[in-house]
Amino acid sequence: MIIKKEKKGNIDIIIVDKDKTDEEAENFKHSFCSGNQIKEIIKEDADVYTNENKLLLKFRKNVLSSKEIKNFYDNIIRFASKSYTTNRGIASGTKKKFNIRENPKVYSNVLGYIDIISPKQKYLLKKQNKTLKYNVRECRFNMENPEKFEEMVPLIRSIDKEYKKLLPEYYRKQRKKANETHFKIPNTSFTTITTNYNFRTGIHKDKGDDDEGFGNLSVITKGEYDGAETCFPQYGIGVDVRNGDILFMDVHEWHGNMEMKKKTKDAERLSIVCYLRKKVWENTRKVGKKEMMKHNKTVKNIGHREKIKEGVAKFE
């Protein structure tokens, strides 16, 4: 709940207190944000702090380039809107974290680098009697579509620039780590990007990102819809992030989305989350560029060898 609000220039400075204790908030797991939890939706530039003077979020309207947004959207939308996963755990609202056969199918995808080898890659490695030296891999989209990914990077760099501008202390620590690995989005503090397409995330806390960094969220919207606000139910507030906006947020607090209610059939909400994945950095911080390129080639060839055996690769 909001206990104080004042204006500093064009920025609303908001102080909030918890509506629920930490023990009570544990009950948020496996559920979605609802209207009775949220007392106020933020729609203008704001900095929000807890009553313990801890930064909860910074929100800025219309700071991202429309050209960069369009390029990002045009190059990713087919993949982001067609590729689904059942492995998002409580972020998908499921009560069956490890039962991926029954979990909801959600359109959530990872770009850049990740420290998880896919089941198919594990199977092929075992079949080929091979192992990977580093427990990290280039993600499928950018590995298979390097030209498209290159077109998307300018928007990521703009998000990185805003991060440096608004949260310099957090940025400095994260960028220092990013500079220690070649497994990253070039010239940024990020190793990894997650896209969520029309995906209402359940209430959760993020894991796997840099402990010393600060989270971010931007969205690309099409058509018209209501709802889908990013909410912090323990504090009773939400933020209506729209096209061109950017939200920096403490992703280690409970957060999730309100229901998206389409007003037009073509309504789309593609969210973009950029972060430094801690284990990617830990596993690769001493790896040289040539070794990184060699490793990426090895990962790419895992499935390529199988396609050659099947007579497929010559057509690609």
Would you please calculate the Kirkwood hydrodynamic radius of the chain over all C-alpha pairs and express it in Å, rounded to one decimal? 20.7
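Multiply the residue gap between GLU40 and LYS82 by 0.36 nm, knock off their C-alpha separation, and tell me the result in nm, one decimal place. Show your work: numbers first, answer last.
On the way: separation 42, 0.36 × 42 = 15.12 nm, distance 3.38 nm.
Result: 11.7 nm gained on full extension.
What FRET efficiency comes out for GLU26 versus ARG242 if R0 is 35 angstrom and r is the Cβ-Cβ distance? Round to the nearest 0.05. Working shown, then result.
Values: r = 31 Å, r/R0 = 0.89.
About 0.65, to the nearest 0.05.
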Helix 289-309 axis, angle to the chain major axis (alpha carbon atoms, nearest 10°): 60
Most mobile listed residue (LYS58, LYS67, LYS127) in the chain, GNM with C-alpha springs under 10 Å: LYS127
Per-residue ellipticity at 222 nm attributable to helices in the chain (runs of n ≥ 4 DSSP H, -39500 (n - 2.57) apiece, nearest 500 deg cm²/dmol) works out to -9500 deg cm²/dmol
On a C-alpha basis, how far is the centre of region 135-161 from the centre of region 26-90 in Å? Whole number, if you could? 20
Take the chain, connect every pair of alpha-carbon atoms lying under 10 Å apart with a spring to form a Gaussian network, then pick out the residue of LYS29, LYS164, LYS263 with the largest mean-square fluctuation. LYS263
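Among the chymotrypsin sites (Phe, Trp or Tyr not before Pro) in region 116-172, which ones are in a DSSP loop with at most 12 other Cβ atoms within 10 Å of the Cβ? Mind listing them?
On the way: sites: TYR123, TYR134, PHE141, PHE149, TYR163, TYR170, TYR171; in loops: TYR134.
Nothing satisfies the criteria.
Among the GluC sites (Glu not before Pro) in region 1-94, which ones are in a DSSP loop with at most 14 other Cβ atoms within 10 Å of the Cβ? Mind listing them? It would help to have the intermediate numbers written out before the result.
Values: sites: GLU6, GLU23, GLU24, GLU26, GLU40, GLU44, GLU52, GLU68; in loops: GLU44, GLU52.
Those that pass, being in a loop and sparsely packed, are GLU44, GLU52.
Since every read-out is calculated from the coordinates, none of them should be taken as a lab result. What you see is a predicted model; the values in this text were computed from it and never measured. Every residue, glycine as well, gets a Cβ built from its backbone with ideal geometry; the counts of neighbours run over all protein chains shown.
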